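Worksheet: the structure to be examined is printed underneath.
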Amino acid sequence: MKQSRFLVGAALQAAAMVGALAAGTTAGQAQTSQPGWVSVSACTPAGPLIPTNTTETCGSDVLQPILAGLVTNDAKTGAIIDDIAEAITTTDNKTWRIKLRNGRKFHDGTEVLARNFVDAWNWAAYGPNGQSNNDWFSVIVGYGDLNPKAPKGEKPPVPATKAMSGLKVLNDHEFQVELKLPVPVFKSQLSYKAFYPMPDSFFADPAAFGRKPVGAGPFQLVSGTPDTGYKLAAFPGYGGPAKPSIKGVDLRIYTSREAAYNDLVAGNLDLLRDIPASKLVADLWKRDLRGRAVVQPRANIQALGMPYTDANPHLLKPAIRQALSMAIDRKAIVEILFNGIGQPATGWVPPGVEGYQPGACGEYCSFNPEKAKELLAKAGGYKGDIKVYYAGDSEVKSAMDAVCNSIQNTLGITCVTSALSDNAAFRSYTRSGKVDGLFPSNWTMDYPSIDNALVPLYSKEGTSNRGAYESAAFDALLDKAATEDSSAAIKTYQEAERLLIADMPRVPLWNPAMTVGHSPKVRSVTLYANGRIDYSALALKE
Amino acid sequence: MTGYILRRLLQFIPVFLGTTFIVFFLAWGMPGDPLAGKCGDRECPDAFVAAATEEFKLDRPLIVRYGYYLADLGRGYLGRSFTGRDVSEQLLAAFPATIRLALLAVLIEVLLGVTIGVFAALRPGRTFDTATTLIGLVIIAFPGFVVANLAQLVFGVRLGWFPVTVSDPTSLCELLLPAIVLALAHQVTLSRLTRSAVIESMQSDYVRTARTKGLSEARVVGVHALRNSLIPAVTYVGKDIGGLMAGAVVVEGVFNISGVGGLIVQSIRSHDGITIVGAVTVIVVAYLVINLLVDLSYALLDPRIHYD
């Protein structure tokens, strides 16, 4: 028995060592947050937090409560309202005179002045700075001087100037913008973060700003890094329209939404956006969270893109495109696959967007097997397989399988889904109408106005016209809208949207909704049209 | 000994060059334009593409870029990732958590594995031996993510004994549950290895000699038999530490630990070649060093082994 006593002793000692090791560090319950603060799940921003170079979700989530622009959109109504601007006026949609409110401050205490806008726009539009939001400024006179065209196969030359001639500071609180073409919805565009002001300190050291951004929004960044999360405290000097009632936001980094969900259920987290799909099945999340669940539409449209080129001669026939659209049972897919979260798309513009018209696509976006077959037969049928390409690392596989099955069952065309290795491979492969099949095409509105759902995607010069669609009649309507005042322009854009029925450049599928789960501490949650939480409207229980 | 260590360190150089070369070409050779999808749902503007092409020398042949990369490495600079963050900064954020988790997991693994192995070896074929074998088989049969999710659900969400996720990776207390999950499967192999090695040693001449010298049984087993049985165990543990550097992705994901595995997976997805090469390079070096330490420990454990 002696030997086992020795070994038991050794094992006990070892166990005690582990215990000591664990106890030696403070019990790690850093989860309890200060009163008035809410903890929110976030993800690691991919790069420095510079608004004109941040296009991915994680970074945008952090920046949104920190920044303020000339205008913002009201989370409840979706209307564009003045924020830092006092008045934005134009007579011809080309020359815009912008007057700022007095006394709006950046978090570093300096006042937001006209030059903070003009300098920021010039910096972001300056080609060599390589900002991913560079092309937002292409409508301003003088943009070309900052982005000289590169001779074929060579590097672009260094611009001769660093300022756009179309921007003029009139006085501390007024500046003027000269556009190349009339843009009736320019004011709506100004709600996008590319147009936000930058404090003087930014230009001295953009890298420091990227680590600790300074804005004029309702919350200021107190501390944090991309890997540990960020603490945003309500900015005491905030004088804008969105004064928060909470004291601060604790953005916690989660590498997986499942982990965040478990923390939410266990009461360690206050807010989680975009509940993992596995928890939506049979409303599991609503039971887990005892009803503390919010579903809200968001300004997003998922569609089926296709080439408008001779890459696939069948798909060039409008009737076949329409037949495909009518062969997809959107309602069943949303009900079954997405557990009823989201809604079948009835047009090319997401709901909740200024200029949205229900049913813009008419009967061509509803499931109608008879008419679909008829259209296909009239167009001379479809020979061979139809392929649906998607990015293998994305979450769309099951949805694309469902779409493919729906097409195959209705039209009797063999439909195959084909996974490309990842998003980069998918995007390079489906670019500029080169691909010979269908592909999922997601569009999140940059600002909630109808033109943003049409111009970049379907105009000849559109920056994201991946199907290479071209329609002279459609482009003519966009040109016409550009010369009108904003309410007439919206009507013309709506007319242009209805024109898309004829060619069906993309097949609208559905408008996803945003799901949010919250802790008992939170009284009400309001989301912006882009699905982000409006922290200023967030109310806590006493 | 010193000569041996120097020779081994020299061998590091070709291994290091070979792996970085292979990883560099694999990482950058992935199909698709690495800049595609970098601007959200939109296509990237020309100015962005031009600036990124210039900064990362995307228009140069791969071999030239590898040369630049080596030159940077020579200066101790691991490069900057596509997203504008320094790779060294990303690694410094990811490695400490992973190393802590790996060491804690290995500590638990050794304590459990060696103890169970020795006990099982003392009475082979008896209840304890059979029971641990059976339980071990059950544990091994479960995939890691099932054990991790189950442990999180039961001990974190339901019972509340452990934090659900790791909010502060410097706290060993928070890392305890993930470490136990990682250690559980690994200790099975370790205990089997220890068991068979100890059984073998117990029948050797030196154990008989020790017994006839009148040494206590505890000393016979604990010092003479165990020490000589540790070589396979140490080899396995060395391999484990290296493996845990990047191989704990699943468990790290479940418990929300931003570690090296997650960093590599994320970088592969976003085609961030520079980060992939940097992270893998550090792991390769760690592997090499651990292997050297394991080999050196042989000489300490078994007096018959000499390096010179």
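Dividing the summed helix terms, -39500 (n - 2.57) for each DSSP H run of n ≥ 4, by the number of residues in the protein assembly as shown produces a 222 nm estimate of -14000 deg cm²/dmol to the nearest 500. Once the Cβ-Cβ distance of A:Thr110 and A:Val295 is raised to the sixth power relative to R0 = 45 Å, the FRET efficiency obtained is 0.65.
The A:Asp401 and A:Ala319 beta-carbon pair, evaluated with R₀ = 35 Å, returns a calculated FRET efficiency of approximately 0.90. Stretched out straight at 0.36 nm per residue, the stretch from B:Ser88 to B:Ala71 would grow longer than its current Cα-Cα span by 4.6 nm. Pairs from the list A:Lys76/A:Lys193; A:Lys76/A:Lys279; A:Lys76/A:Lys187 with a Cα-Cα gap above 22 Å: A:Lys76/A:Lys279.
Under the criterion of Cα pairs below 8 Å and six or more residues apart, the relative contact order for segment A:44-173 equals 18 percent.
Sequence-ordered 3J(HN,Hα) estimates for segment A:408-415 from the Karplus curve with 6.51, -1.76 and 1.60 and θ = phi - 60° stand at 5, 5, 7, 9, x, 8, 5, 10 Hz, glycine and proline given as x. Modelled this way, with points 7 Å down the Cα-to-C-beta line, the labels at B:Arg269 and B:Asp46 are 3.3 nm from one another. Annotation: cysteines of chain B without a disulfide-compatible partner (Cβ-Cβ under 4.7 angstrom) are B:Cys173. Between B:Val138 and B:Val289, the contour length at 0.36 nm per residue exceeds the Cα-Cα span by 51.0 nm. Peptide B:81-89 has a mean shielding of 4, counted as Cβ atoms of other protein chains within 10 Å of each residue's Cβ. Label-to-label distance for B:Met30 and A:Asp283 is 4.1 nm, based on points extended 7 Å past Cα in the beta-carbon direction. Legend: mean number of C-beta atoms from other chains within 10 angstrom of residue C-beta atoms, peptide A:49-55, equals 2. Take the Kirkwood radius over Cα pairs of segment A:135-219, plug it into Stokes-Einstein at 4 °C and 1.567 mPa s, and you get 84 µm²/s for translational diffusion.
Peptide B:223-236 has a mean of 0 when you count, residue by residue, the C-beta atoms of other protein chains within 10 Å of its C-beta. Potential lengthening of the chain between B:Met1 and B:Gln203 amounts to 69.6 nm, from the contour at 0.36 nm per residue minus the alpha-carbon distance.
Beta bridges assigned by DSSP with both partners in the protein assembly as shown are antiparallel in approximately 80 percent of cases. Straight-line reach from A:Lys371: taking Cα to Cα under 19 Å and skipping same-chain neighbours fewer than 8 places apart, the aspartates and glutamates in range are A:Asp329, A:Glu363, A:Asp503.
Within segment A:466-494, whose backbone N sits under 16 Å from a point 7 Å along Cα→Cβ of A:Thr91? Answer for segment A:466-494: A:485. On the basis of the beta-carbon distance and an R0 of 41 Å, A:Glu374 and A:Lys460 show a calculated FRET efficiency of 0.85.
So which of A:Lys231/A:Lys541; A:Lys180/A:Lys434; A:Lys99/A:Lys247; A:Lys94/A:Lys162; A:Lys286/A:Lys387 end up more than 27 Å apart, counting from Cα to Cα? Checking Cα-Cα distances, A:Lys180/A:Lys434; A:Lys99/A:Lys247; A:Lys286/A:Lys387 exceed 27 Å.
Taken together, the values in this text are just the output of simple stated rules run on the coordinates, not laboratory data. Note that the structure is predicted; figures quoted are calculated from it, not measured. Cβ coordinates were reconstructed from backbone atoms using ideal geometry, including for glycine residues, and neighbour counts include every protein chain displayed.
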